[in-house]
Amino acid sequence: DLLPIEEALTRKDSTTGKTYDCSAHMLFIKDPSAVDLEFIRGINNPLGLKVTTGTTPEQLLDHIDTLNPLNVGGKLSIVVRMDAESMREHLPGLIRATQRQNKCVLWLADPMVYLEVTPDGHRIRDFDKIRSELRAFFDVHEDMGSHPGGVRLEMTGKSVTECVGGEGCDVTEENVKDNYYASPGCDVTEENVKDNYYASP
């Protein structure tokens, strides 16, 4: 339970009188049922709420009302964790629910979450699947008339071998072990995911 640590790092801003959890700038909430929502509601940090295929529109609206009761713009980001196919199926309903209730949320894609395991036990991310998730995210928002607010990517300046595929990348399942780090994300040659996305719609 990290709540005692978070509480110990909470401070009141001397200039505004507002309370902030100083352990981080933005706090990410993976499972709202597993956190102390009274504590979360009492701080003024921007918040990130992760949603999956298991999140219903009703649950999302309930979480939004709890985490951002005053409907303040910029307070709450919805971090979408779905594969491309699931996103096309489930994300429109979530967006539609927030539109009908005029909820102020920022939508973020999180395409780095799904991992595959090679026969020798290395966890990898497929670059083409990352790009497919981004395409689905932007397509759905275009269809819904909503705004895709951003993308969460895990990056490193090291020449690592975790993400396989992508233009100009020679990392394969066979050589992924050559310079493997646990969950570093894309390496410097794969940081062109944004360029590849826009260049190859």
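The values are calculated or read from the model by the stated rules, or taken from the named source; none is laboratory data. Everything numeric here is computed off the predicted structure, so don't read it as measured data. As a convention, Cβ positions derive from the backbone with ideal geometry for all residues, glycine included, and neighbour counts pool all protein chains shown. SASA here: full protein model, heavy atoms, side chains in, ligands and nucleic acids out. Shrake-Rupley method; radii C 1.70, N 1.55, O 1.52, S 1.80 Å.
Couple of notes before you dig in:
- Residue within region 63-78 that is within 23 Å of Asp139 (Cβ to Cβ) and open to solvent by less than 60 Å² (accessible area, probe 1.4 Å) present: yes
- Filter pass, Ser86 being in contact (Cβ under 8 Å) with a residue 40 or more places away in the chain and among the hydroxyl-bearing types (Ser, Thr, Tyr): no
- Of all residues making up region 88-141, the number that are open to solvent by less than 50 Å² (accessible area, probe 1.4 Å), under 15 Å from the mean Cα position of the chain (by Cα) and not aliphatic (A, V, I, L, M): 6
- Sole exception among (1) touching a Ser or Thr at 6+ places or on another chain (Cβ under 6 Å); (2) closer than 30 Å to Arg135 by Cβ for Arg96, by number: (1)
- Residue, modelled with the highest pLDDT, within region 9-36, restricted to residues that are under 21 Å from the mean Cα position of the chain (by Cα) and β-branched (Val, Ile, Thr): Ile29
- Hits in region 1-53 - residues which are among the charged types (D, E, K, R), surrounded by 14 or more Cβ atoms within 10 Å (Cβ to Cβ) and touching a Ser or Thr at 6+ places or on another chain (Cβ under 9 Å): Glu6, Asp21
- In region 117-132, the residues that are modelled with pLDDT under 85 and polar (S, T, N, Q) form Cβ pairs under 7 Å with partners that are part of a loop (DSSP other than H, G, I, E, B) and surrounded by fewer than 19 Cβ atoms within 10 Å (Cβ to Cβ), at six or more places apart or across chains, as follows: Thr118/Glu173.
- With respect to (1) closer than 30 Å to Glu89 by Cβ; (2) without any contact (Cβ under 8 Å) to a residue 12 or more places away in the chain, the lone exception for Ala8 is condition (1).
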